[in-house]
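One structure is given here, and the rest of the page talks about it.
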Amino acid sequence: MAGNDKGSRRNYEYELGHTDRELNRLATQARLVDPMTRQFFKDAGVVGGMRVLDIGSGAGDVAFLAADLVGPSGEVVGTDRSPIAIAAAQARAKARSLNNVSFLEGDPTVLAFKRSFDAIVGRYVLMFSPDPTTMLRGIAQHLRPGGVIAFHEVDWTGVRSFPPSPIYDQSCAWILETFKRVGTNAHMGLDLYSTFVKAGLPAPTMGLHALIGGGSNNMSGLDLIADLAVTMAPVMEQTGVATVADVAPITLNGRMHAEVEALGSIVIGRHEIGAWSRLP
């Protein structure tokens, strides 16, 4: 069964952390998946002039994407519980001279806003929540009647390589097992439909994309997997999944690329799943 059982709890607040290295990893991730997120949000109905609430903003990539969709006549408010992430996002917004984007530290289910929003969006947020249904229900209170809610989450079921690339496959297996042990839902994408419905939202429309390619293709997602494995290596060791020496972070990316290219493999990334609906 996909997802966390009701009452399950996470052993880590956020196992990926908010270090400078993690913020750089998020930039690499954004380069690969932003086009998918953009399409999900456009299909959901995020358009110019909207006031948008971004949940779990991190370093601000999704908020900046949303700001591009709503244009200068729109507004984006990003939220995150991490003061480090908020500071990074604010600095990036200032560097980009984005006057229609702001960031607030705190839990969006309890934050108070002066006005409701036309859209609420998020990427890779619900998978880290111990109770995504309650989270969705809580943030939906900030949405105006007729407003749009759209989330982009992942499902790791289809991750594989062909012909098999042991380094890629092992890295994916380590990531999945670590997510399992700390309570992260690596299949939240599949749970989006039921989560929307249980939260009292209209049944969502959904879409699916995936990264696929070979070792010489910089859009294949190899960098994404290697960076994620390196970031999670300390937690892998703490949870008994693998040692940092097993991961060999310094050489992992190079070894993974070289092996995939030498074997002539293609790698298929995790499923990137979007779900969106509109309030009555």
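The values are calculated or read from the model by the stated rules, or taken from the named source; none is laboratory data. These figures come from a predicted structure and were not determined experimentally. A quick note on method: Cβ atoms are made from the backbone with ideal geometry, for glycine too, and the neighbour counts reach across all protein chains shown.
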Mind listing whichever residues of region 153-179 are more than 16 Å from M127 (Cβ to Cβ) and charged (D, E, K, R)? R160, D169
Which of the following residues is at pLDDT 95 or above, part of a helix (DSSP H, G or I) and within 27 Å of T134 (Cα to Cα): L201, L252, L192? L192
Could you say which residue among T184, T178, T134 is polar (S, T, N, Q) and either under 20 Å from L208 (Cα atoms) or surrounded by fewer than 16 Cβ atoms within 10 Å (Cβ to Cβ) (or both)? T134
Has region 205-225 got any residue that is in contact with a Phe, Trp or Tyr (Cβ under 9 Å, 6 or more places away or on another chain) and modelled with pLDDT under 95? yes
Sort through L222, L192 and tell me the only one that's within 15 Å of V33 (Cα to Cα) and touching a residue at least 24 places away in the same chain (Cβ under 8 Å). L222
Could you check A242 against (1) modelled with pLDDT of 95 or more; (2) closer than 19 Å to P35 by Cβ; (3) buried (at least 18 other Cβ atoms within 10 Å of the Cβ) and say which number it fails? (2)
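Applying the selection to region 142-173, what residues are in contact (Cβ under 8 Å) with a residue 24 or more places away in the chain and of a type in the set (S, T, N, Q)?
Of everything in region 142-173, those that are in contact (Cβ under 8 Å) with a residue 24 or more places away in the chain and of a type in the set (S, T, N, Q) turn out to be T157, S161, S165, S171.
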Can you give me the number of residues within region 46-75 that are small (G, A, S), surrounded by 20 or more Cβ atoms within 10 Å (Cβ to Cβ) and more than 18 Å from the chain's Cα centre (by Cα)? 1
Being over 30 Å from V46 (Cα atoms), surrounded by 15 or more Cβ atoms within 10 Å (Cβ to Cβ) and not aliphatic (A, V, I, L, M), is that true of even one residue in region 218-227? yes
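Would you mind listing the strands (runs of 3 or more DSSP E) fully within region 63-165 where at least 1 residues are modelled with pLDDT of 95 or more and under 21 Å from H187 (Cα atoms)?
117-123, 143-155, 160-162
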